[in-house]
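Enquirer: One structure coming up, written as structure tokens, with questions to follow.
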Amino acid sequence: MNVTSHVSIDADNPWPGLASFDEAAERFFNGRRAEISEMRRLVVHAPLTVLFGASGLGKTSLLHAGLFPLLRKEHFVPVSVRLDVRDTTVPLVDQIALALQAECRARAIDVAPAGPGESLWAYLHRTDLEFWSAQNQLLTPVFVLDQFEEVFTLGAENPSAIARLRVDLADLIENRMPTALAGALAESDRPTDHLSLDRQRYKLVLSFREDFLPAVEGWKRDIPSLLRNRLRLLPMSGEQAFEAVHTTAPHLVSEPLARDIVRFVSAAQADGTSGAEQPDALRDLPVEPALLSLVCHGLNEKRKAQRKDAFDAALLSGTGQAVIADYYEEAVRGFPRQVRRFIEEELITGRGFRKPCDLDDARSIHGVTDSQLRTLVDRRLLRIEPQRGTERIELTHDLLTGVVREHREKERGRRQRLRLAIFGVACAVLVGLVIMFGWLYLDAKAQRQLASREARAADIARQEAEAQRQAAEAQRQGAETQKKRAEDALVALPYDDDLVAA
């Protein structure tokens with residue numbers, strides 16, 4: 001399916017909502033000048049840079065729309081890598097190598113290809129390896145592993161591959177020869193003059209959510225330099241947020257209204273109400289960039305729908321988490337329940353982390369159509385990213401996971417209540433049937449008992465009638481016997497003529 005995952009950002013649509021700013025949107029990405037400058041300094045002066053911060057602070061936007069353009073000007077090649085940590089077919093470090101090849105092709109970079117079976121470490125340490133731009137400039141690759149926390153969330157399903165990745169990254173970061181390569185060279189007695197062992201002509205950046213800092217620190221035994229060169233991204237100050245609103249689109253938002261929007265967002269994220277007490281100084285207001293972008297995007301959509309040339313106070317409404325909840329409700333409005341269930345059951349883990357789903361699985365297993373996916377991408381709820389020959393669907397931002405999880409729990413509760421209701425009805429019906437059949441059984445039993453008594457009474461009556469008949473027959477036979485005896489007695493008397501004559 002041919003669906004773009006990046007939001008089209010222009011002067012009329014300068015905020016991407018929960019989507020991130022890409023490199024092409026550099027001029028619309030404002031409010032993070034100090035952080036961009038610091039990231040550039042860290043990357044230039046060390047092999048590894050770590051960027052971490054809470055969800056919703058715009059780490060991806062900072063990298064793509066802030067850092068990447070600066071690095072390109074200084075002859076670095078940013079190579080953005082989103083590891084598919086559930087892949088069990090090849091070592092995960094090979095995905096970094098493939099991303100490097102793809103970037104070189106896309107930028108027309110002149111570089112020798114990797115040899116068959118050549119590891120990324122060996123390739124990057126070739127003595128004669130050089131990356132030349134189309135403008136004949138010598139380049140240095142910078143591997144940027146964004147959303148690295150997925151190594152600890154989704155990667156839990158693939159522990160052996162993660163353990164291998166840990167060693168491979170340690171070799172790259174600490175610039176030490178991999179054990180397998182050292183063993184192979186020792187066995188073949190091959191010289192190492194084709195390898196530049198003491199040079200590190202590449203850099204790495206790891207970016208992850210702050211709550212995974214302890215998990216990352218657990219890798220320090222293998223990677224001692226892991227957290228020496230790092231930047232913790234904090235919420236924007238009110239002044240930075242004002243710059244992100246007004247400087248980004250002065251033709252749409254006046255200075256006073258931009259300040260009102262900043263205060264509104266700061267209050268909304270604090271306790272979910274726009275009436276919270278706020279500091280007088282704008283600089284003292286902490287602001288989440290993702291929520292700020294979402295509110296500005298929502299206000300801009302209302303502005304366009306009402307055909308207004310610029311923002312006004314009437315557009316400003318809604319509150320923090322309600323803005324996100326409304327955003328989600330609006331995005332899934334009109335979709336059948338199975339689409340919502342796909343989003344809520346398949347695109348976040350049980351604990352509420354984002355989880356990508358293969359596009360083909362969404363179609364064939366979960367029954368989501370291409371048309372529905374296009375609409376969800378257009379509404380900026382989902383994005384579709386190509387990954388190593390396939391496409392993956394995921395939520396556009398971590399800020400959505402709380403709302404999606406809440407809806408999932410409500411839906412599960414609704415289904416549970418429905419199951420309990422059905423079970424209750426079934427039990428009631430069963431009890432009714434038991435009572436009915438019990439009554440029918442008792443009634444039938446009573447009828448049988450009555451019929452049995454009547455049968456016994458009839459039998460007794462028949463027996464009495466038979467006894468009476470037998471008695472009558474005996475009486476008749478007795479009478480006949482007496483009669484016969486009388487007749488026999490008369491016959492037995494002597495014949496006396498005189499008596500007869502008399």
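Enquirer: With θ set to phi - 60° and the Karplus curve 6.51 cos²θ - 1.76 cosθ + 1.60, what are the ³J(HN,Hα) couplings of the stretch 458-466 in order, to the nearest whole Hz, using x for Gly and Pro?
Expert: Using θ = phi - 60°, the values come out as 5, 5, 4, 5, 5, 5, 5, 5, 5 Hz.
Enquirer: Could you tell me the distance between the Cα centroids of the stretch 163-202 and the stretch 129-151, to the nearest Å?
Expert: 19
Enquirer: Please sort by residue number the trypsin sites (Lys or Arg not before Pro) in the stretch 382-419 whose DSSP state is loop and whose Cβ has at most 16 other Cβ atoms within 10 Å.
Expert: For trypsin sites (Lys or Arg not before Pro) across the stretch 382-419 that sit outside H, G, I, E and B with at most 16 neighbouring Cβ atoms in 10 Å, the list reads Arg388.
Enquirer: Hey, can you grab everything whose amide H is under 5 Å from the amide H of Asn175? Only 5+ residues off in sequence or another chain; H modelled, so Pro and N-termini drop out.
Expert: Amide H neighbours of Asn175, under 5 Å, 5+ apart: none.
Enquirer: Which lysines have a Cα less than 24 Å from the Cα of Lys59, not counting those fewer than 8 places away in the same chain?
Expert: Lys73, Lys203, Lys220, Lys355
Enquirer: Show me 242-250, 230-238 ranked by packing, highest mean number of other Cβ atoms within 10 Å first.
Expert: So the peptides 242-250, 230-238, ranked by packing, come out 242-250, 230-238.
Enquirer: So what J values fall out for the stretch 367-383 if you push phi through Karplus, 6.51 cos²θ - 1.76 cosθ + 1.60 with θ = phi - 60°, rounded to Hz, Gly and Pro as x?
Expert: So the Karplus estimates, Gly and Pro as x, are x, 8, 8, 4, 4, 5, 5, 4, 5, 5, 5, 4, 7, 6, 8, 10, 9 Hz.
Enquirer: Whole angstrom only: what separates the Cα centroid of the stretch 443-463 from the Cα centroid of the stretch 352-407?
Expert: Cα centroid to Cα centroid, the span is 76 Å.
Enquirer: Please arrange Thr349, Thr127 by accessible surface area, largest first, computed with a 1.4 Å probe and ligands excluded.
Expert: Descending order: Thr127, Thr349.
Enquirer: Next question. Sorting Thr140, Thr88, Thr369, Thr153 by accessible area (1.4 Å probe), largest first, what list results?
Expert: Thr88, Thr369, Thr140, Thr153
Enquirer: With angles folded into 0 to 90 degrees, how steeply does helix 320-332 sit against the dominant principal axis of the chain? Use alpha carbons for both and round to 10.
Expert: Compared with the principal axis, the helix lies near 70 degrees.
Enquirer: With semi-axes √(5λ) of the Cα gyration tensor in Å as the read-out, I listed (1) 92, 35, 18; (2) 45, 28, 18; (3) 93, 26, 21; which label goes with the value calculated from this structure?
Expert: Computed from these coordinates, semi-axes √(5λ) of the Cα gyration tensor in Å corresponds to label (1).
Enquirer: May I pose another question? Using Cα positions and a limit of under 18 Å, work out the aspartates and glutamates in reach of Lys484, with same-chain residues fewer than 8 apart set aside.
Expert: Glu473
Enquirer: Okay, next question. Skipping prolines and chain starts, which residues have an amide H placed within reach, meaning under 5 Å, of the one on Val79, given they are 5 or more residues away or on another chain?
Expert: Val142, Phe143, Val144
Enquirer: Can you give the relative contact order of the chain as a percent, counting alpha carbon pairs under 8 Å and 6+ residues apart?
Expert: 17
Enquirer: Still on this structure, I have one more. Determine the order of Ile343, Ile422 by accessible area, beginning with the largest, at a probe radius of 1.4 Å.
Expert: Output order, biggest surface exposure first: Ile422, Ile343.
Enquirer: Quick one: putting +1 on the C-beta of Lys and Arg, -1 on the C-beta of Asp and Glu, what dipole do you get for the chain around its Cα centre, in Debye to the nearest 20?
Expert: Result for the chain is approximately 840 debye, rounded to the nearest 20.
Enquirer: I would also like to ask the following. With a 1.4 Å probe and every protein chain kept in, tell me what percent of the accessible surface of the chain is carbon plus sulfur.
Expert: Result for the chain: 53 percent of the exposed heavy-atom area is carbon or sulfur.
Enquirer: Rounded to the nearest 5, what % of the DSSP beta bridges within the chain are antiparallel ones?
Expert: Taking every DSSP beta bridge with both residues in the chain, the antiparallel ones total about 45 percent.
Enquirer: Relative to the longest principal axis of the chain, what angle (0 to 90°, nearest 10) does the C-alpha long axis of helix 255-271 take?
Expert: The angle comes out near 40 degrees.
Enquirer: What do you get for the angle between helix 33-45 and the principal long axis of the chain? Use alpha-carbon atoms, 0 to 90 degrees, nearest ten.
Expert: It is inclined by approximately 80 degrees.
The values are calculated or read from the model by the stated rules, or taken from the named source; none is laboratory data. These figures come from a predicted structure and were not determined experimentally. Quick reminder, even Gly has a Cβ in these numbers, built from the backbone with ideal geometry, and neighbours come from all protein chains shown. All accessible areas refer to the heavy atoms of the entire protein, side chains included, with ligands and DNA or RNA removed. Shrake-Rupley method; radii C 1.70, N 1.55, O 1.52, S 1.80 Å.
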